[in-house]
Structure formats: structure tokens, C-alpha cells
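Read through the structure below, which is laid out as C-alpha cells, and then see the notes.
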Amino acid sequence: MPEEISELIRPIIKGKADEVYGSGFLKKNNDMKALHKLGNLIISLVTKLLYHVPVTEVMTGREAFLKKGIVSLNLKEKGLK
């Protein structure tokens, strides 16, 4: 959501993070469909267990990165294949 952008990028602007992932599960009004919510919760739980990372939503769609992080990936493809 556009109104969430400033909150999402705040840790990057303050120098506390190079990348930030938002989570719809932290909001009270989560309008995600029930089946999507269940699948996302299961995938997120598996991710927590396998990688020992504190995630609440893996399939977030809310992501922000510093440019240097993207450039460091050294991507070569010009499009999607």
C-alpha cells in the first residue's frame, strides 16, 4: 500500500537496514483471502524452522532495498525468462 512506504523505508533511511520486508500479518485489518493467508502462514513457518529467521510473512510483496544491494547481485539478464 502506498501509505505504508514511509514506514517500510524508515529503517533504511536511518541506516539501520540495507533491506526491509513488510508484513501484512502485523496489521489488524488484513484483507488477505483465507486460503492465501493459510498458505502464507505455512510457508512462513517452514522458513522460520529451516533458516532460523524471524519472519512473519514470506510472500510479502512489500520490500525495500538499498541500490548497492541490488547492484551487488551483478544481474546480467535484461528481462524475464
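The values are calculated or read from the model by the stated rules, or taken from the named source; none is laboratory data. Because the structure is a prediction, the values reported are computed rather than measured. Don't worry about glycine lacking a Cβ; one is built from the backbone with ideal geometry, like all the others, and counts go over all protein chains shown.
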Of the criteria (1) in a loop (DSSP other than H, G, I, E, B); (2) under 21 Å from SER6 (Cβ atoms), which one GLU77 fails: (2)
Could you grab me the full set of residues in the range 23-50 that are among the polar types (S, T, N, Q), at pLDDT below 85 and surrounded by 11 or more Cβ atoms within 10 Å (Cβ to Cβ)? SER23, ASN30
Being under 22 Å from VAL71 (Cα atoms), surrounded by 11 or more Cβ atoms within 10 Å (Cβ to Cβ), of a type outside the set (Phe, Trp, Tyr) and within 13 Å of the chain's Cα centre (by Cα) is the requirement here; does ILE5 meet it? yes
Being under 12 Å from GLY22 (Cβ atoms) and exposed (fewer than 10 other Cβ atoms within 10 Å of the Cβ) is the filter here, so list the residues in the range 56-76 that pass it. GLY61
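Can you go through VAL53, VAL20 and tell me which one is assigned to a loop (DSSP other than H, G, I, E, B) and either surrounded by 10 or more Cβ atoms within 10 Å (Cβ to Cβ) or among the small types (Gly, Ala, Ser) (or both)?
VAL53
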Counting only residues in the range 56-72 that are β-branched (Val, Ile, Thr) and outside any loop (DSSP other than H, G, I, E, B), the one farthest from LEU38 (Cα to Cα) is identified as VAL71
Failed condition for GLU4, given (1) in contact with a Ser or Thr (Cβ under 7 Å, 6 or more places away or on another chain); (2) touching a residue at least 24 places away in the same chain (Cβ under 8 Å); (3) not in a loop (DSSP other than H, G, I, E, B): (1)
Listed by first then second residue, the pairs whose first member lies in the range 34-63 and is touching a residue at least 12 places away in the same chain (Cβ under 8 Å), whose partner is charged (D, E, K, R) and part of a loop (DSSP other than H, G, I, E, B), with beta carbons under 7 Å and at least 6 positions apart or on separate chains, are ASN40/GLU57; SER44/GLU57
